[in-house]
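Since the structure comes first, as structure tokens, the remarks are kept for the end.
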Amino acid sequence: MQVPFVGEVPSDIVVSWIVMVIVGIFLLWRLTVNKKWPMIWEYMTTTHHRKIGTMYIFFAVLFFIRGGIDALFIRTQLAVPENDFWVFQSQKYNEIFTTHGTVMIFFVAMPLLIGLMNIAVPLQLGANDLAFPYLNSVSFWMFVSGAFVFNMAFFFNAAPNAGWTAYAPLSTDTFTTGPNNNYYIFGLQLSGLGTIFTAVNMIVTIIRLRAPGMKMTRMPLFPWATLLTSFLILIAFPVLTVALLLLTFDRIYGTSFFIGELGSPVYYQHLFWIFGHPEVYILILPAFGIFSDIISAFSRKRIYGYTSMVIAIALIGLLGFMVWAHHMFTVGLGPLANSVFAITTMLIAVPTGIKVFNWLFTMRNGVVQIRTPMLFSLGFIPTFVIGGVTGVMLAVAAADYQYHDTYFVVAHFHYTMIGGTILGAFAGIYYWYPKMTGKVLDEKLGRWHFWLFIIGFHLTFLPQHLAGLNGMPRRVYSYTWADNVFVLNFISTIGAFLMGASMLFVVWNLYKTHRLTDKVGPDPWDGRTLEWTVDSPAPEHPFEPMPIVSGFDAYWYAKVKKEELPKAENPRPSPIAVKTIQPVLLAGILMVISIGFIYGWLWMQIIGGVGAFGFFIIRSVTDERKGVYQKEEDEL
């Protein structure tokens, strides 16, 4: 095989350099001509939850484009047997499926959901901001710095290449030398730390900043899902941190936690999946909350079985920590361990089934309106059920020996991740877009987006079940005519390009909506929860005066009675949003330290360390809120 290189650099990287230079110059020109730099500065220095949530979604969409292009390259390479598409064979194929998986999970799915949490959860609670606005900004910029560290590896011809799980011993420097997998480690460490901070912020906000009268039993289901997800993050992400830290020591300092006579690669698998399987629910539970609120709103009915829905979310979260070894049935843990983890895995189907039936009963006898957010919610139910059924099949330990490491697993994984998380994120973006921008996305183009995406999705991944059952292993860049999987792969490739084409309608929708439509009022969907009581887009400090909540769906029932929600006279003081560039500087310093470790440059590590120490000294003696305090005292 002859890989087309330009000098020592693969030609795909050279093309990406050229594209980035052209796009960069074009963007600089457009921002300057349209005088958008003040707006850029405004967003860089903001600590307001809606703006930070919008930035999370903006960057997630950028990385979605990158991960989506990776997917199209993968499917093109696999479209026909014995194919040699461009450079994507051998190690380049290892790199591209590694970056595709990692980007989609950590830098697309996670920020999409965290962005929606930022935008909607405080508004649904009647809170004026998250509990710690400054920490929220730090969380976001740490996510951005981690994403930049991970993605810059490609441009330096050093993309990670050990899969999105970075299994040891493959990911140790014995088998994958060079800085490639160091980028993976430090990119995930930075963004993971930001995610932990977000979880703390969400928990405190939900517990402490609910509107007067909004008991926990009166919260919408999206804040419930966010609360339980945040606890999962607090438990699961530190385990990933430990796994990556030990891997760092193995790679850089010559320890042997996961290799050698004293270490074992199985230790890494345990640590990774103790994080990794709850991560699946970290990505899906918020989507469950989004679907619940949307189905209720567009069915004009209270959610069916509210209490059972909350209990089901909690049970799924709890069981999510008791199933990690079902990813390791073939490791050799023994029949007792395999049986225990098989049973706990199957048990998750029970609370999940409760939720599915509750969504169906919510629509039953309701006045169902099929708008774009509802379309994505309806598309989610059968798609996720298929993913759930194949999950139960994989939970059968004996059968898993047949499915393991085949395309059957790939198909199952995408049915749960895209069918649950991505459809949920699309539904949430269409639903809360008025609270982000003040406008409703075009309905007709939204339907085009949905139908092309859902048809393309099933064309892509349904045949992969059969390819897996026919014995096609995952993570291979070629197959032969004799393998009898050509037709299945060719259909998958057509489906993938159909999904890609659907995203063009999103781009056209954004352009058309912002150029040709007017702003809408506070309640364009005739909603049920508190976010629809404030202007669109949501202003800073939207709940002044603060409403009093007297029951579940209080706003809906107040509208039915043609009344207004009563106002609180002495509500709890709200968090103070400030302008500060400090989180951006901190993220930059952490990037410097990370690059120093990635390449083993001691001088850069020292410079970064001194910078971080200086930052914390400055931070400990400054308080941006002083001006606000002084203004309040002057008014008294």
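The values are calculated or read from the model by the stated rules, or taken from the named source; none is laboratory data. Here the structure is a predicted model, which is why all the values come from computation and not from measurement. Don't worry about glycine lacking a Cβ; one is built from the backbone with ideal geometry, like all the others, and counts go over all protein chains shown. Quick note on the areas: whole protein, heavy atoms, side chains included, nothing else; ligands and nucleic acids left out. Shrake-Rupley method; radii C 1.70, N 1.55, O 1.52, S 1.80 Å.
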Provide the gained length on full extension for the span Arg208 to Thr177, in nm with one decimal, where the gain is 0.36 nm per separating residue minus the Cα-Cα distance. 6.3 nm
Order these peptides, 511-522, 564-575, by their mean beta-carbon neighbour count within 10 angstrom, highest first. 564-575, 511-522
Which Cα, out of Phe408, Ala554, Trp508, lies furthest along the positive dipole direction of the chain (beta carbon charges, K/R +1, D/E -1)? Ala554
Charge tally for neighbours of His100 with beta carbon under 15 Å away, counting Lys, Arg as +1 and Asp, Glu as -1, is +2
So for each of 34-45, 606-617 I average, over its residues, the number of other beta carbons within 10 Å; can you give me the resulting order with the highest mean first? 606-617, 34-45
Let me know the shape class of region 259-367, please: from the alpha-carbon gyration tensor, a ≥ b ≥ c as square roots of the eigenvalues, rounded when a/c is under 1.5, otherwise prolate if a/b is greater than b/c, or oblate. prolate
Could you give me the percent of Cα pairs per 20 Å distance bin for region 35-581, shortest bin first, beginning at zero and ending with the bin that holds the maximum distance? 21, 57, 21, 1
Note: probe point = Cα of Arg572 + 7 Å toward Cβ; backbone nitrogen < 16 Å; residues of region 104-133 passing the test are 121-133
Exceeding the 29 Å Cα-Cα cut-off - candidates Lys35/Lys444; Lys301/Lys562; Lys512/Lys561: Lys35/Lys444; Lys512/Lys561
Suppose only helical runs count, i.e. DSSP H with n ≥ 4. What mean residue ellipticity at 222 nm does that imply for the chain under -39500 (n - 2.57) per run, divided by all residues and rounded to the nearest 500 deg cm²/dmol? -22500 deg cm²/dmol
Can you work out the Karplus-derived ³J(HN,Hα) for every residue in region 292-308? Use 6.51 cos²θ - 1.76 cosθ + 1.60 with θ = phi - 60°, whole Hz, and x for glycine or proline. 4, 5, 6, 4, 5, 5, 8, 9, 6, 9, 4, 4, 6, x, 3, 4, 5
Summed residue charge, Cβ within 15 Å of Pro537's Cβ, Lys/Arg positive, Asp/Glu negative: -2
Along the charge dipole of the chain, Cβ charges K/R +1 and D/E -1, which of Phe450, Gly320, Ala587 sits furthest on the positive end? Phe450
When ligands, DNA and RNA are left out and all protein chains stay put, how many square angstrom of accessible area per residue does the chain have with a 1.4 Å probe? 42
Interchain or sequence-distant (5+) residues whose placed amide H lies within less than 5 Å of the amide H of Thr406 are Arg474
Among 576-585, 332-341, 272-281, what's the highest-first ranking by average C-beta atoms within 10 angstrom per residue? 272-281, 576-585, 332-341
Treating cross-link reach as a plain straight distance, find the lysines whose alpha-carbon is under 19 Å from the alpha-carbon of Lys626, omitting any fewer than eight places away in the same chain. Lys579
Taking 0.36 nm per residue of separation between Val19 and Ile617 and subtracting their Cα-Cα distance, the length gained on full extension comes to 211.2 nm
Taking 0.36 nm per residue of sequence separation and subtracting the Cα-Cα distance, how much length would be gained by fully extending the chain between Asn157 and Ile311, in nm to one decimal? 50.7 nm
Sequence-distant aspartates and glutamates (8 or more away, or on other chains) whose Cα lies within less than 12 Å of Lys567: Glu544
Taking only Cα atoms of region 566-619, the Rg to Rh ratio with Kirkwood Rh works out at 1.37
Hey, rough spin-label estimate for Thr32 and Val628, points 7 angstrom out along Cα→Cβ, what's it come to in nanometres? 3.6
Farthest towards the positive end of the dipole of the chain, among Leu336, Phe88, Ile370 and with Cβ unit charges of +1 on Lys and Arg and -1 on Asp and Glu, lies the Cα of Ile370
Rg and Dmax of region 244-301, Cα atoms only, in Å: 20.1, 63
First select every other residue whose beta carbon is under 12 angstrom from the beta carbon of Ala496; then total the charges, Lys and Arg +1, Asp and Glu -1. 0
Give the shape of region 426-575 as rounded, prolate or oblate, defined through the alpha-carbon gyration tensor: a ≥ b ≥ c are the square roots of its eigenvalues, a/c under 1.5 means rounded, and otherwise the shape is prolate if a/b is larger than b/c and oblate if not. prolate
Could you work out how far the C-alpha centroid of region 500-579 sits from that of region 199-234, in angstrom? 18
Roughly how many whole Å is it from the C-alpha centroid of region 356-399 to that of region 251-329? 18
Accessible carbon and sulfur surface of the chain relative to its total accessible area, %, 1.4 Å: 70
